[in-house]
Amino acid sequence: MKMEGNTILITGGATGIGLALTESLLKLGNEVIICGRREDKLIKVQNEHPGLHIRVCDVSDEESRKSLFKWVTENFKDLNVLINNAGIQRAINLKEGVKGLEGESEIKINLEATIYLSALFVQFLESKEESAIVNVSSGLAITPLAAVPIYCASKAGVHTYTKCLRSQLSDTNIKVFEVLPPLVISELNMDYRKKVGTTNTGIKAVKCADAIVDGLEKDKFEIQHPALDNLKTSTMEDVDKLFEKMNGPW
Ligand SMILES: NC(=O)c1ccc[n+]([C@@H]2O[C@H](COP(=O)([O-])OP(=O)(O)OC[C@H]3O[C@@H](n4cnc5c(N)ncnc54)[C@H](OP(=O)(O)O)[C@@H]3O)[C@@H](O)[C@H]2O)c1
């Protein structure tokens, strides 16, 4: 798809991969709107990029999503790209039973919001000459990390949902992309990263954003890390072997 002259909504665009993507897409000559829960983070980015539009929104909340949709579609009639990037990750010990599942929910933020936001925008995007929905899942959607089980399940859900969405929209002008980043240095699950000493492990968010822009430009519908490309042709046995290597015994 063309990478300039678009009007793009990025959820979770004020930090990490979303921020790197925001800056890259602004530089390429796109109009960009970002949303997130923390207004201070949004204002800080807007101060650095005066042309940027911001909106406070909790994508896990139905009313907040509807209000975002109404505001965006009333104020940005040319909106043609939705990037579902907002996400959280939590280390959860399943031996604690339901106690470990309390609090913020990856199912609501990573999976439900992606499903509902794309459904909200489908008909609006269909009326545009060229449009796209971009869902950010994770390499962990394919090979899970046992320490973050609900995150992996939510991203596997995003992975399969995105395949179905792409298939159903194949006769429309909406292109459906999935991004499966590898480990990227960001705020995501910082407490766990500190605990296991991986705060600086992974690729830089800018490098991830470059790969996303390159993939979108080339109409590569599943944009993944080269290491994951190998999994495309490998067997379930290979995936299981990698899972064992990543997770070890508990
Ligand atoms: N970092 C990695 O290693 C990695 C690898 C694979 C995939 N990913 C995926 O990449 C995406 C971006 O993550 P990141 O690494 O850039 O982490 P990040 O810096 O923590 O970014 C996540 C963003 O999502 C926003 N967000 C979270 N919950 C939200 C909610 N309920 N409503 C609206 N916005 C919300 C956050 O803003 P507020 O807190 O202000 O709402 C934040 O700006 C996520 O989907 C993540 O799962 C990351």
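The values are calculated or read from the model by the stated rules, or taken from the named source; none is laboratory data. Only a predicted model underlies this, so the values are computations on that prediction, with no experimental measurement involved. Don't worry about glycine lacking a Cβ; one is built from the backbone with ideal geometry, like all the others, and counts go over all protein chains shown.
All but one of (1) crowded, with 22+ Cβ neighbours inside 10 Å; (2) in a helix (DSSP H, G or I) hold for Val32; state the number of the condition that does not hold.
In the conditions (1) crowded, with 22+ Cβ neighbours inside 10 Å; (2) in a helix (DSSP H, G or I), Val32 misses (2) alone.
Consider Asp40 carefully, then state whether it is within 27 Å of Phe221 (Cα to Cα) and exposed (fewer than 15 other Cβ atoms within 10 Å of the Cβ).
no
Out of all the residues in region 203-240, which are modelled with pLDDT of 90 or more and either of a type in the set (Phe, Trp, Tyr) or outside any helix (DSSP H, G or I) (or both)?
Across region 203-240, the qualifying residues are Ile203, Lys204, Lys218, Asp219, Lys220, Phe221, Glu222, Ile223.
Could you please find all residues in region 1-37 being of a type in the set (Gly, Ala, Ser) and away from the ligand (no atom under 15 Å from the Cβ)?
Gly5, Gly29
Name the residues in region 158-188 that are more than 8 Å from the ligand (Cβ to nearest atom), surrounded by fewer than 20 Cβ atoms within 10 Å (Cβ to Cβ) and either on the phi > 0 side of the Ramachandran plot or among the hydrophobic types (A, V, I, L, M, F, W, C) (or both), would you?
Cys164, Leu169
So, in region 108-137, exactly how many residues are more than 16 Å from the ligand (Cβ to nearest atom), in contact (Cβ under 8 Å) with a residue 12 or more places away in the chain and under 19 Å from Glu74 (Cβ atoms)?
Total satisfying the criteria: 6.
Inspect region 87-104 for any residue being polar (S, T, N, Q) and near the ligand (Cβ under 10 Å from one of its atoms) and give the result as yes or no.
Yes - at least one qualifying residue is present in region 87-104.
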